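Below is one structure; the comments refer to it alone.
The values are calculated or read from the model by the stated rules, or taken from the named source; none is laboratory data. The shown structure was predicted, so the numbers you read here are calculated from the model rather than taken from an experiment. Using ideal geometry, Cβ is built from the backbone for each residue, glycine included, and neighbour counts are taken over all protein chains shown. These accessible areas exclude ligands, DNA and RNA; they are computed on the full protein's heavy atoms, side chains included. Shrake-Rupley method; radii C 1.70, N 1.55, O 1.52, S 1.80 Å.
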Amino acid sequence: MSLNEPSSRTLPANSKPISFTSSHTSVKKVADGVATEGYINIQDLSIVFGKGKNSFVAVERISLEIPPGQFVCLVGPSGCGKSTVLSAIAGFVAPTYGTIQVDGRVVRKPAGERGMVFQQPSLFPWKTVLGNVAHGPLMSGKSKVESHRLAREFLQMVGLANFADSYPATLSGGMQQRVAIARALANFPRVLLMDEPFGALDAQTRIMMQENLLKLWEELRTTVVFVTHDIDEAIFLGDRVVIMSANPGCILADLPICLSQPRNPEVLIEPAFANLKKDCFELIRRESLLAFEQQSRRSSKIQRHR
Amino acid sequence: MTKQQALNRLVLGLSIPLFLGLWEAVSRSGSVNSVLFPPPTLVAVALYNWAIDGSLLIDIMMSISRVVVGFVTGAAAGIVLGILTGRYQILSNLLSPVFQLLRPIPPIAFVPIVILWFGLSELGKWFLVFWGVFFTVWIAAHLGVQRVDKTLIRAAQCLGTPEKRMLQEVLLPGALPYIFVGLRTSISISFYTLVAAELAGTFSGIAYRIEIAQQNLQVGQTIGGLIVLGIISAVADKVFGLLSHRVVWWG
């Protein structure tokens, strides 16, 4: 029942000139308009927590292919396993069955090639903003000078260059999350995993963050897997929206999002946006009702057995 | 400044003078035995006499050196072992049961056996202070390492931090706020064990002098010794507080 065909929509060629003109790898990657790294291939993924009677199926037989440079949003109600899928791609949770590959290599443990932004900014409080963003490059063996140069560039991109020497605790939640995004990107990950990164922010800040993220993505074209429970957010950000359902977590629908590019907030009032949103809601509603009926049938059967 | 604030300040400034004045008045009123409860002026005279014959400085230096040696060695051992047991389950399994068994024994209870083992030497004093400090710092470091925010560890992994650098990059700084709380608690513990160590038998030190003065019924010096001990301990705590704000500025 899951529609696994890769998104029918190909990436638009980069029509506008890239404003970000330094000579590091990710820009080269984008220079020809199409990203070549960050192909995610999830086959038959199941994740079961616990053993025996207490086991719980968080994810059941999910297959998902994400081409390089795509922005995919995973939506679904809480408990549908969307964060678990993300944790599995990151390498924090091992698949019980199935495989996850990134650019042909099987994911076994966390690595710098799969950057992650968490719901909480999770910055190192003992490091300055600059120190936080420079951490990844330093760990990958770059010199201190080079790491700091990169960190400054990425801070520039999220608009926080003036806060390089501040400590995270002195920044607002939104600013901290921007640092976290810069930190993940400064490592030039093949894929960027985002676990409800704007969930804890107020509505105004969230919209600003969404626009900022889209702008970054236009420039870098990193593959993004973005988990959210907010359908508006998913449609606004994604090239593609994958809807998951709970009990057990599986894919309900896989929708390409054909809205104007580059996205801007005007998209939110386009009829196309409203239609997509309606489709999503209907899908989710139908599925929830179905699941509910199945559950009640199952429980009535159990009662009859008793 | 409002009237209320001015009054609050005045009361703060009067706190200690009022206390001393009351003490002086009670001592001199004849309602208590002024030999056993000398007024602060006589305590000050006793302190002055103790200072000018040079023995006050020696006593202070001896006591401080005992605290410093015991504290530094105890803290260092506590931090190192705490990080190791906090990080490696196998080491924790090996050492934690033993430490948890020894930790609840009050350090003062070791005085008799310490005298048997080390006599009246400095080594015995160092050992007692070490013993008092070690377990508190160990448990703080152990729990500190284990309580480092899991998301921070995950974030570090996602940034490509190699496993062998995780300790230095995340676990140690993450545990530092806990370790410093343990260290600060240990400062008062180390003075507390110092007193026990010096009462048990030695030839110099503040607590030793307090005991000798008591035996000679020099109550002024006895109380003076208590005040000196209080001041040293308070200064040590203050200095450490400032130091910890510099080292753990984010905590």
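Things worth noting here:
- For A:112-125, mean number of other protein chain Cβ atoms within 10 Å: 5
- Solution diffusion estimate, µm²/s, Stokes-Einstein, region B:1-131, Kirkwood Rh from C-alpha pairs, 20 °C, viscosity 1.002 mPa s: 107
- For region B:210-251, the orientation-averaged shadow of the C-alpha convex hull comes to 3.2 nm² (one quarter of the hull surface).
- Translational diffusion of region B:155-241, µm² s⁻¹ [Kirkwood Rh, Cα pairs; Stokes-Einstein; 4 °C; 1.567 mPa s]: 81
- Rg(Cα)/(2.2 N^0.38 Å) for region A:95-210, N = residue count: 1.11
- A Cβ-based charge dipole, computed about the Cα centre of chain A with Lys and Arg at +1 and Asp and Glu at -1, lands at about 1000 debye.
- Radius, Kirkwood style, for region B:1-73 when every pair of distinct Cα atoms is counted (Å): 15.7
- Once Rg and the Kirkwood radius are both taken over the C-alpha atoms of region A:29-105, their ratio Rg/Rh works out to 1.05.
- With R₀ set to 25 Å, the beta-carbon distance separating B:LYS3 from B:SER29 gives a calculated FRET efficiency near 0.10.
- For chain A, radius of gyration divided by Kirkwood radius, i.e. Rg to Rh on alpha-carbons: 0.99
- Distance from the Cα centroid of region B:151-183 to that of region A:36-101 is 27 Å (rounded to whole angstrom).
- Largest GNM mean-square fluctuation among B:ASP59, B:ASP237, B:ASP149, using chain B with Cα springs under 10 Å: B:ASP149.
- Ordering B:ALA156, B:GLN100, B:MET61 by the projection of their Cα atoms onto the charge dipole of region B:50-181, which places +1 on the Cβ of Lys and Arg and -1 on the Cβ of Asp and Glu, puts B:ALA156 at the extreme positive end.
- Scaled radius of gyration (Cα, divided by 2.2 N^0.38 Å) that the protein assembly as shown gives: 1.36
- Buried accessible area, chains B and A (both chains, 1.4 Å probe, Å² to nearest 100): 1800
- 10 Å binning of all Cα-Cα separations within region B:35-247, expressed as whole percents from 0 upward: 8, 28, 28, 19, 10, 5, 1, 0
- GNM result for chain A, Cα springs below 10 Å: residue of A:LEU237, A:LEU171, A:LEU192 fluctuating most strongly: A:LEU171
- The distance between label points at A:HIS229 and B:SER204 comes to 6.9 nm (points 7 Å beyond Cα on the Cα→Cβ vector).
- Ellipsoid semi-axes in whole angstrom, largest first, where each is sqrt(5λ) of the Cα gyration tensor of region B:93-200: 36, 13, 11
- Check: the protein assembly as shown dipole with +1 on Lys, Arg Cβ and -1 on Asp, Glu Cβ, in debye: 760
- Peptide B:159-169 has a mean of 5 when you count, residue by residue, the C-beta atoms of other protein chains within 10 Å of its C-beta.
- Where labels lie 7 Å past Cα in the beta-carbon direction, separation of B:VAL45 and B:LEU226 in nm: 2.0
- Estimated FRET transfer efficiency when R0 is 56 angstrom, pair A:PHE281-B:ASN216 (beta carbons, to 0.05): 0.05
- Efficiency of FRET between B:LEU36 and A:ASP44 - r from beta-carbon atoms, R0 56 angstrom, step 0.05: 0.05
- Normalised by 2.2 N^0.38 Å, where N is the number of residues, the C-alpha radius of gyration of region A:147-247 stands at 1.10.
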